[in-house]
Amino acid sequence: MPTNPVLESQLTLASTRENERKQWWKPVTSTEKFLSLFATAAVCVVIALAISLAAVLANSTNSPQFIDADVAKEEALISELPSPRSARFHQMKGREIQIDNADNEVCKTPGCTLAAAELLMNVDESVDPCDDFYKFACGNFEKRTTIPDDRSAVTTFSILSDKLLVQLRQILQEKPSDNEPKPFTLVKNLYKSCMNKNLIEERGLEPMKAIIKELGGWPVLEGDSWDESSFVWYESVYQYRKVGYSVDYFIDFSVTTDLKNSTWRVIDLDQPGLGMPGREYLLKGLEDKVVQAYLNYQIGLATLLGADPQRAKEELTDSVEFEIKLANITMPREERRNASKLYNPMTIRELSEMIPQVPWLDYMNKILEPLHVLTEDERIIVDVPNFFKQLVVLLEQTPARTLANYHLWRATAATVSYMPETARSLQLKYSTVLTGTTERRPRWEECTEGASSSLANAMGSLYVRKFFQEDAKAAAVEMVNDIKETFFEILDTIDWMDEETRLRAKKKAETITTHIAYPEELMQNQKLIDLYKGLELSSDEYLDNALNLTRFGTNYAFGKLREPVNKTDWISHGRPAIVNAFYSSIENSIQFPAGILQGAFFGKNRPTYLNYGAIGWVIGHEITHGFDDQGRTFGPDGNLQDWWEPSTKDNYLERAQCMIQQYGNFSFPELNMNVNGKNTQGENIADNGGIKEAYRAYERWSRRQNPDSNGWDIEKSLPGFSKYNTKQLFWIGAANVWCSKSRPESLKLRILTGAHSPAPFRVRGPFANLPEFSNDFNCPLGSPMNPEKKCAVW
Ligand SMILES: *[C@@H]1O[C@H](CO)[C@@H](O)[C@H](O)[C@H]1NC(C)=O
Ligand SMILES: *[C@@H]1O[C@H](CO)[C@@H](O)[C@H](O)[C@H]1NC(C)=O
Ligand SMILES: *[C@@H]1O[C@H](CO)[C@@H](O)[C@H](O)[C@H]1NC(C)=O
Ligand SMILES: *[C@@H]1O[C@H](CO)[C@@H](O)[C@H](O)[C@H]1NC(C)=O
Ligand SMILES: *[C@@H]1O[C@H](CO)[C@@H](O)[C@H](O)[C@H]1NC(C)=O
Ligand SMILES: *[C@@H]1O[C@H](CO)[C@@H](O)[C@H](O)[C@H]1NC(C)=O
Ligand SMILES: [Zn+2]
């Protein structure tokens, strides 16, 4: 299976993957996925569960409402305040905040009023900004938000994603025009086949039963007639490949970019993803409530398909016990952040000598058939050699029946989303325990999301043509330049770097390539037609469509093995219809799709400080990823290489350690859980660097407008916020990017398996570390938002 980052991040989110190293594209939020056409297509069936859970985990239907009455009230409030020109002091829980009267005029344009209304609905002024700025900026968001039954969280991101989803639905429901290019028909067909619930119900469980048979039969259904002696796990894998299922349930097989020769590709063998969102869940053991729900889900499905309940219970318990052992021999994600550690090149011959129990050459050739024929001399990368050594022992110790039950379970789970409600309701029951959601998302949302992520280039092309506001592009280009410049300045002033490492860092920063909004090729129908050549999808065969997509996508990804990597390829940067942003260390590139250049992140009719605080922070975040604990181990050309002088590296590690401990002490007492400082360090480093860069970049922008500016007197304050100056509004606007409300289950999921800190700490951590913040809000030294011990990497 192709392990595209894209797909990895989706799977990390909702189903299982732990291959964080392969997430070259780092989503700003973990609920977002970067899904390029083929990665998704390749696992369309496999991610069936993922999609439905992702649905649960992502997005919401709550959009911000601008209530006229509230805005009017604010206008009244403003007129009651003293004239903006007179100096005044604002009492905030006994602390004095001096307002600089010079920058305190209020902007009353419609754009400013709308932006202000949105912020006003979220701010909770009963909280002292120096105690907990997240609660101050987002307290009312949490209070006024009710998480819909079909969602596990509502966030600023999900609100925007929901609006986007409505737009995509509109596109998908349009009648195909005469001689419409085929890719557009394909994506509409996929949507239609998914929406055809009646047909799916009518066909019942038969298609699923037939597929399970074709995959070799699920022992728990077959009873005593299942022939144990004929089962060999790797032959079962070959059959999966033929039918259009994932080949990654025992061993993760992919054609990936060679990290040390990144214009070429290489075969990569890794530990597999699991049927639960991470090893962390399974290792709690069979008594754990969520593991119990997982087992019951399996028993329920098997029984529904005709298994004897008692047999189902016994055999599937064995299967889960096997999966727990499998989880136990995987390398924990804390240790997988080090790409060098996972880079273990060897020839197939060497692998065969190390682990003779598997016919490796034959295994890989069967999976690559008919695209390539390998020899023993093929150089491959084995991510975790120790996992493979333990895997073959575990496979030998486990009865064939249990292995087959596990393998077929994974395929069955991947098929459920395409099935009638009887099966899907069992899936929902499990996801209720896992994420807290009690309803499925509306069908149209699931189908829109699925069509859009599976055929992202076709969908994106339609989206841009119909909805994208082109002027956002130029503004984003300007901001990227400003923020890059400030990053150079920061590099110049860092006192813990030797000059050689500094020069190399600057070279890397200069070399970053930028992809904004969408590639021009998306407007060329012929390019799209060529991309999807050979893919057939019908408007009524949902499951067959998924299998066609998987085969097509797998062949595409595996077919690339001998082709050089084009790092600016339009195809892998052609997913504009998404609310997210990315950094890729193997491309050394940043990407800001059309979908994020709007809403709370960017607006051309509101003060620029809000844009720098929001999308500017996102841009800084992505640039800084190039220099986080993982990004820093890649050079300007995208190759994994050590360019750090030893003493500077030590200084870096010390600073990163400070953040690991700082975030490790953030906790949710009600869950009795702390943030995982190690797993989130990359994102935290990016958040901290990003906001600092955005703040300084705004000052840079101001001075460009007026060289006499102090950086903050160019623009006015906002209605309803006249007691705050523009600096303070920068922070309020920035914090609002992370307003969110989550169910405890999904918070737990995120803390256990996520690379991003939970929202409150994405505000509290970076702001508390920046002296500029404490200055702007006059926070006393020692208050929670102005701790004596601050951490800073960049
Ligand atoms: C990179 O890979 C290509 C194709 O396999 C090979 O020809 C080339 O020698 C490799 N370069 C390095 C530096 O290993
Ligand atoms: C995981 O493996 C270790 C070492 O082999 C063992 O001590 C431990 O009991 C195992 N844990 C589980 C949950 O199987
Ligand atoms: C990463 O792994 C390599 C190889 O195992 C090791 O030499 C290096 O010290 C590790 N780096 C860090 C920062 O732990
Ligand atoms: C799947 O692809 C095959 C071969 O391209 C095609 O014959 C078949 O109609 C496709 N299935 C669907 C449901 O479109
Ligand atoms: C790489 O992709 C870009 C954008 O799609 C294209 O313009 C360029 O020609 C490609 N380069 C090569 C070497 O194919
Ligand atoms: C919390 O902070 C203390 C002091 O800095 C540190 O020793 C400890 O390791 C931190 N806890 C975690 C879980 O990181
Ligand atoms: Zn990130």
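The values are calculated or read from the model by the stated rules, or taken from the named source; none is laboratory data. Small disclaimer: the values here were computed from a predicted structure and weren't measured. When we count neighbours, we look across all protein chains shown, and the Cβ atoms used for this are built from the backbone with ideal geometry, even at glycine.
Here are the numbers for this structure:
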{"quantity": "Contacts under 7 angstrom Cβ, first residue in region 701-722 being assigned by TED's automatic domain parsing to the domain that holds residue 106, partner of a type in the set (D, E, K, R) and part of a loop (DSSP other than H, G, I, E, B), 6 or more apart", "calculated": "716/105; 717/105; 719/108"}
{"quantity": "Every residue from region 561-616 that is of a type in the set (A, V, I, L, M) and in a loop (DSSP other than H, G, I, E, B)", "calculated": "561, 565, 577, 578, 579, 581, 586, 597, 600"}
{"quantity": "Residue check for residue 465: surrounded by fewer than 23 Cβ atoms within 10 Å (Cβ to Cβ) and within 18 Å of residue 570 (Cβ to Cβ)", "calculated": "yes"}
{"quantity": "Considering residues of region 727-768 that are among the charged types (D, E, K, R) and farther than 24 Å from residue 716 by Cα only, the residue nearest to the chain's Cα centre (by Cα)", "calculated": "750"}
{"quantity": "Subset of region 528-538 (residues that are surrounded by fewer than 18 Cβ atoms within 10 Å (Cβ to Cβ) and either within 16 Å of ligand 5 (Cβ to nearest atom) or closer than 18 Å to residue 446 by Cβ (or both))", "calculated": "529, 530"}
{"quantity": "Condition met for residue 571 (within 16 Å of ligand 5 (Cβ to nearest atom) and touching an Asp or Glu at 6+ places or on another chain (Cβ under 9 Å))", "calculated": "yes"}
{"quantity": "Condition broken by residue 355, with the remaining ones in (1) under 31 Å from the mean Cα position of the chain (by Cα); (2) within 18 Å of residue 380 (Cβ to Cβ); (3) in contact (Cβ under 8 Å) with a residue 12 or more places away in the chain satisfied", "calculated": "(1)"}
{"quantity": "Residue count, region 633-647 (criterion: assigned to a helix (DSSP H, G or I) and within 24 Å of residue 342 (Cβ to Cβ))", "calculated": "2"}
{"quantity": "Residue 311 being crowded, with 16+ Cβ neighbours inside 10 Å, away from ligand 6 (no atom under 16 Å from the Cβ), closer than 30 Å to residue 660 by Cβ and not hydroxyl-bearing (Ser, Thr, Tyr)", "calculated": "no"}
{"quantity": "Single residue of 550, 568 found to be hydroxyl-bearing (Ser, Thr, Tyr) and closer than 21 Å to residue 535 by Cβ", "calculated": "550"}
{"quantity": "Residue 680 within 16 Å of ligand 6 (Cβ to nearest atom) and either buried (at least 20 other Cβ atoms within 10 Å of the Cβ) or outside the structural domain of residue 703 (by TED's automatic domain parsing) (or both)", "calculated": "yes"}
{"quantity": "Some residue of region 138-149 being surrounded by 20 or more Cβ atoms within 10 Å (Cβ to Cβ) and of a type in the set (Lys, Arg)", "calculated": "no"}
{"quantity": "Test for residue 606: is it out of contact with any strand residue (DSSP E or B) (no Cβ under 6 Å at 6 or more places or on another chain), surrounded by fewer than 19 Cβ atoms within 10 Å (Cβ to Cβ) and not acidic (Asp, Glu)", "calculated": "no"}
{"quantity": "Region 650-670, residues that are over 16 Å from residue 337 (Cα atoms) and away from ligand 6 (no atom under 15 Å from the Cβ)", "calculated": "650, 651, 670"}
{"quantity": "Tally of residues being farther than 21 Å from residue 685 by Cα and not in a loop (DSSP other than H, G, I, E, B) across region 772-794", "calculated": "3"}
